1. With respect to S201, is the statement that it is modelled with pLDDT under 95 and within 25 Å of Y49 (Cα to Cα) true?
2. Looking at N163, N214 in this structure, which one is at pLDDT 95 or above, closer than 28 Å to L113 by Cα and part of a helix (DSSP H, G or I)?
3. In segment 255-296, which residue that is within 21 Å of the chain's Cα centre (by Cα), in a helix (DSSP H, G or I) and at pLDDT 95 or above is nearest to N214 (Cα to Cα)?
4. Those residues that are in contact with a strand residue (DSSP E or B) (Cβ under 7 Å, 6 or more places away or on another chain), at pLDDT 95 or above and surrounded by 24 or more Cβ atoms within 10 Å (Cβ to Cβ), I need them from segment 108-120; list them, please.
5. Every residue in segment 98-107 that is surrounded by 16 or more Cβ atoms within 10 Å (Cβ to Cβ) and among the hydrophobic types (A, V, I, L, M, F, W, C), please.
6. Tell me the residue from Q180, Q156 that is at pLDDT below 95, more than 14 Å from the chain's Cα centre (by Cα) and surrounded by 22 or more Cβ atoms within 10 Å (Cβ to Cβ), please.
7. Look through segment 56-107, keep the residues that are among the aliphatic types (A, V, I, L, M) and assigned to a loop (DSSP other than H, G, I, E, B), and return whichever of them is nearest to E262 (Cα to Cα).
Amino acid sequence: MSTTTNNYTFATPMPIVPATIATSDPPGESETSLESRDRALFDTIAEKYAAKDRSPSVRPARRLRLLQTMRALPQTSLHGKRILEVGCGAGYSVDYLPADYACYLGIDYSEMLIDLARAERQTDRATFATTNARDLKTDEPFDIIFMIGVLHHMDQMDEVVENLVSLLSPDGWLVVNEPQPSNPIVGIARRLRKQFDASYSDEQLELTGREMENCFADAGLTSLRQRPQGLLSTPFAEVPMNPSWLTAPASRIACGLDRGIEAIAGRLLTPLTWNVIVAGQKPTDRQSTPQPSRTPAE
């Protein structure tokens, strides 16, 4: 049996009911031209994109990237938390997250990716919907909202972040992991990939940690935290490599080294890493929001 809310179907019955979508325009009705092109690209490459997470060399690095993102939060336990992922793709975060969360909702404006997520990853506590993060409204707030490599695809980033903050519960956290331009060698590698990889969008922004902190602060988030992520493991997260008997162990070694290096060096790694993590907390009383504080997440 299933229930449908605004064209989004959720399996029932559920022991813990995920957030249902109260109002949201279907993708295409309110999206910008950049979003439309990006959605069309990901609809076209959905199968190829989803195949990355099936690669033995990619999975360890993608799992590490997600878990390191969550470790930027002061409370790392997900027990009993309501979680929203923006830009969930084919839903593989459900495989990587600890399974003790209360409920998870993954959204993406690629209908093809959401179809794959629903077919392979939907459970009684993990559901998926095709919608635009800028327009999403739900009947219950979330404790944690996260995005992995998504914000740089958005040309109305401020509007998206403001809407996501409205979906957070008081004291809830928004956390993002984004490519960052500090390392010039990494920047060159990304520009070359745009030229030669048809599945890699050439309209992506490059955001610094400070730019994202400012965006978060403007949206009313406080207790801002920033940490670098991904020195050796990120290439494994992006491109499936063969032969897997060699690259899968190499990926796991790179992940282990990154965990250790990031724990020891902290923000000193910022000029070198592929990515940066930024997190901010919604204050309990938005009417009396203090000046945003910035807390290093070492």
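The values are calculated or read from the model by the stated rules, or taken from the named source; none is laboratory data. Since the structure is predicted, the reported quantities are computational estimates derived from the model, not experimental observations. So basically every Cβ, Gly included, is an ideal-geometry build from the backbone, and we count neighbours across all protein chains shown.
1. Spelling it out, S201 is indeed modelled with pLDDT under 95 and within 25 Å of Y49 (Cα to Cα).
2. That would be N163, the only listed residue that is at pLDDT 95 or above, closer than 28 Å to L113 by Cα and part of a helix (DSSP H, G or I).
3. Only one residue fits best here, namely E262.
4. D108, I114, A117
5. Those that are surrounded by 16 or more Cβ atoms within 10 Å (Cβ to Cβ) and among the hydrophobic types (A, V, I, L, M, F, W, C): A102, C103, L105, I107.
6. Result of the check over Q180, Q156: Q180.
7. The extreme case among them is A72.
Condition check ((1) in contact with a helix residue (DSSP H, G or I) (Cβ under 6 Å, 6 or more places away or on another chain); (2) not polar (S, T, N, Q)) across all residues:
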| residue | (1), (2) |
| --- | --- |
| H79 | no, yes |
| R82 | no, yes |
| C88 | no, yes |
| D95 | no, yes |
| P98 | no, yes |
| Y104 | no, yes |
| R121 | yes, yes |
| T127 | no, no |
